[in-house]
Amino acid sequence: MLTVGQSFPKFQAHGCVGAAKDSLTTFDNNSFRDQWIVYFFYPKDFTFVCPTEIAEFNKRLGEFKDRDAMVVGGSTDNEFSHLAWCQSHEDLKGLKYPLIGAQKLAADLGILHPEEGVCLRATFIVDPEGTIQFATANGLSVGRNVDEIVRVLDALQSGELCPCNWKKGEETIKV
């Protein structure tokens, strides 16, 4: 799995934003230039834990936008599966960020489950220069904590030494 300090891979992927048929488009690194990006990957469309994460990121999207950060979700499913899922799942109909078909990107990131061949629940925070600043992966059955991703993004953007459990507005470590 790629990790902190490495460049996020160059990619091109088909995806959608929400449930409208005209939302199908192609995304690449240039689609999200010069901003922080939170990429999160999940195992499969039409499952049980995945929509809870996708819906929570959507609910909290304003917090990411306030931090000049874009959110991008993806799995090894294709853009048509993503679109059909957004159209059929009540919590996903109003999705406001891209879900991409990350078949090649998942392999390039090293986040494919060795037996299942689907994405681990991996999260990457990438800075405006394209460098990975945070990388984590959960097993297939455990959803991630969006609060922690926001907290880490705040810490990274602070440019300071941030102690354990630090939250935005709290004192940082002065050396």
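The values are calculated or read from the model by the stated rules, or taken from the named source; none is laboratory data. Every value quoted in this text rests on a predicted model; they were computed, and no experiment measured them. Reconstructed Cβ throughout: ideal geometry from the backbone, glycine too, with neighbour counts over all protein chains shown. With ligands, DNA and RNA removed, areas are computed over all heavy atoms of the protein, side chains included. Shrake-Rupley method; radii C 1.70, N 1.55, O 1.52, S 1.80 Å.
A Förster radius of 30 Å combined with the Cβ-Cβ distance from F80 to D147 puts the calculated FRET efficiency at roughly 0.40. Return, ordered by residue number, the residues of the stretch 1-31 whose backbone nitrogen is under 12 Å from a label point located 7 Å along Cα→Cβ of T47. Under 12 Å, as judged by backbone N against the label point of T47, lies no residue of the stretch 1-31.
Scanning the chain for long hydrophobic helices, with DSSP H runs required to stretch 24 angstrom or more by C-alpha along their axis and to average at least 0.0 on the Kyte-Doolittle scale, returns nothing. Shape analysis of the stretch 15-77 places it in the oblate category; the axes a ≥ b ≥ c from the Cα gyration tensor give an a/c of at least 1.5, with a/b not above b/c.
When the chain is fully extended, how far beyond the present Cα-Cα distance does D127 get from T26, taking 0.36 nm per residue of separation? My answer for the length gained is 34.2 nm. Where the accessible area of the chain is counted over protein heavy atoms with a 1.4 Å probe, how much of it, in %, is carbon and sulfur? On the chain, the fraction of accessible area on carbon and sulfur atoms equals 49 percent. Across all C-alpha atoms in the stretch 65-152, the radius of gyration and Dmax reach 13.7, 39 Å.
Scaling against 2.2 N^0.38 Å puts the C-alpha radius of gyration of the chain at 1.00. Dividing the mean sequence gap of close Cα pairs (under 8 Å, 6+ apart) by how many residues the chain holds gives a relative contact order of 28 percent.
Beta bridges assigned by DSSP with both partners in the chain are antiparallel in approximately 70 percent of cases. Partner lysines whose Cα lies under 25 Å from the Cα of K44, excluding those fewer than 8 positions away in the same chain, are identified as K10, K21, K59, K93, K96, K104. Heavy-atom accessible surface of the stretch 19-142, averaged per residue, reaches 45 Å², computed with a 1.4 Å probe. For S7, neighbours were defined as the other residues whose beta-carbon sits under 13 Å from its Cβ, and their charges (Lys and Arg +1, Asp and Glu -1) total -2. A simple count of charges around E116, restricted to other residues whose Cβ falls under 15 Å of its Cβ and scoring Lys, Arg +1 and Asp, Glu -1, yields -1.
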